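A short reminder: the numbers here are calculations on the coordinates, not readings from a lab. Worth saying up front: this structure is predicted, and the values here are computed from it rather than measured. Reconstructed Cβ throughout: ideal geometry from the backbone, glycine too, with neighbour counts over all protein chains shown.
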């Protein structure tokens, strides 16, 4: 009965309409099959003996880095919609304890009905004691548990970091930065996105063109050099140890400032501008926002 009802309810448009429906169904089926294309991969493993130095570069893909108590660098480049050595070129190289992987695309990939179905991801598993450099033109970057110098950058994507000790630089042209469990010198920036960092800092530099900033300096932090926080448009929330020695200079063009620490005020003091010495003063702690409030409290 249901089959009869469905058949009778279809409008009679002739063979042309029927062939059009068949073509449409074929296109939808092809689109679904393209989306379900199985990923391929390039995998390499390199043995290292000392402090490893790992470099990852890709123009279009996410990068994920994990670590362990190992003496090797394991690399997986996972991709779909590309043809290896045609529109995707992957190269790996080792020189002593330095390992480099590059994955570059040429803008090809599988197209169907005007939709491009491609994906690219670089996965690295490496020793904890290592230096790491990562750059991707378009994609997120994740890294976890590294003791060494770390430089992560992406043209368009987020950066997520956990447990890094050393000298750190995080930069994204468009995306947020989330970093926890840090220990050392930190330089974090974004062209457009919020930045949130937490850890023990020796130096701290944060800058975003548009986004809020949250910074928590844990006990043991010290100002070996000046610290600075800048945002073009967004609030700033900062927590610092009560025993930190600093010359604080905070201002906002459109917002208010609140300070939850015993600071000796110097110079001009207003709801939008504040200068003072914490614990007798020290290196400069500069906080600026073009539009937003500033809250400075004790960790």
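Observations
- Counted by neighbouring Cβ atoms within 10 Å, the residues 45, 154 run from fewest to most as 45, 154.
- DSSP beta bridge pairing in the stretch 166-295, given as percent antiparallel to the nearest 5: 15 percent
- Gyration tensor verdict on the stretch 150-288 (Cα atoms; rounded if a/c is under 1.5, prolate if a/b is larger than b/c, oblate otherwise): oblate
- Cα Rg, Dmax (largest Cα-Cα span) when computed across the stretch 37-126, Å: 14.3, 51
- Taking the fewest neighbouring Cβ atoms within 10 Å as the starting point, the ordered list for 201, 46 is 46, 201.
- Note on 296, 84, 152: ascending count of other Cβ atoms within 10 Å places them as 84, 296, 152, the fewest first.
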